Amino acid sequence: MGSINPKPFVYRLMKTLLHVKAKKLWLLCFIAFFPALIFAKDFVVYDDILEERTAQKIEEMGSELFAKSGVKVILIAKKSGEGENILAYEQNFVKNLTTPYVLLTLFQAEKKVDIYASEGLEKEFDREALLSPFPWSGTIIPLLTSKKNDVSVGPALLNGYAELVEEIAQYRKIELESAIGNANKTTINLVRLLIYGFMIIVVVLIIYKRIKSRG
């Protein structure tokens, strides 16, 4: 009887082990990068601070504006900027974009919101009004600051993005079928009314306490 050559057996065993390890490695890589892949669309880059339904509506508006005007408006919604300056982040992000483009960026932990546009496009929308902290003029920050940290930022970002793309569309005399329009403005006015009411109540209580303490 001939002896059994151990080399083929060892070779097959090593190949099987390597194959198993490779599969595990691919699985780990997939798990690690899956959130980044699933939360990246053409017109919105976001993590779990934004609901999928809100992201889909933003994607719909951005896609229509781009198809009709060539302007790419991208929302970037991140839980944290991880120590990076928001302007530096935007400047690095647009390196691979072709003009014209606009970025609406939120770093939630740092409480930073910014709008960054390619040259010449800033005249097509009111940046100051969009980023105003005052409830009678701002469309993003007042909604963000009126909510607790554990509440979704989706309504504020959807509102701001909608206002941004609608202003650009209006400037270019384009009608957007996906626009939120009057329904969105009604929501804004309702929130503003609630904010004003809260501010008035606080002022009245302060005045009342001061009068009572003097009396």
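Details
- Packing rank of 104-117, 123-136, where each peptide gets the mean count of other beta carbons within 10 Å, highest leading: 104-117, 123-136
- Fraction of accessible area attributable to carbon and sulfur, the range 65-113 (%, probe 1.4 Å): 49 percent
- Taking a ≥ b ≥ c as the square roots of the eigenvalues of the Cα gyration tensor, an a/c ratio of 1.5 or more together with a/b no larger than b/c marks the range 62-149 as oblate.
- Legend: residue pairs K41/K95; K57/K173; K78/K112; K72/K95; K41/K79; K57/K78, Cα-Cα distance threshold 20 Å; pairs beyond threshold, K57/K173.
- The length gained on full extension between D126 and Q56, counted as 0.36 nm times the residue separation minus their Cα-Cα distance, comes to 22.7 nm.
The values are calculated or read from the model by the stated rules, or taken from the named source; none is laboratory data. Since the model is a prediction, treat every value here as computed from it, not as a measurement. Positions of Cβ are generated from backbone atoms using ideal geometry, with glycine treated the same way; all protein chains shown enter the neighbour counts. Quick note on the areas: whole protein, heavy atoms, side chains included, nothing else; ligands and nucleic acids left out. Shrake-Rupley method; radii C 1.70, N 1.55, O 1.52, S 1.80 Å.
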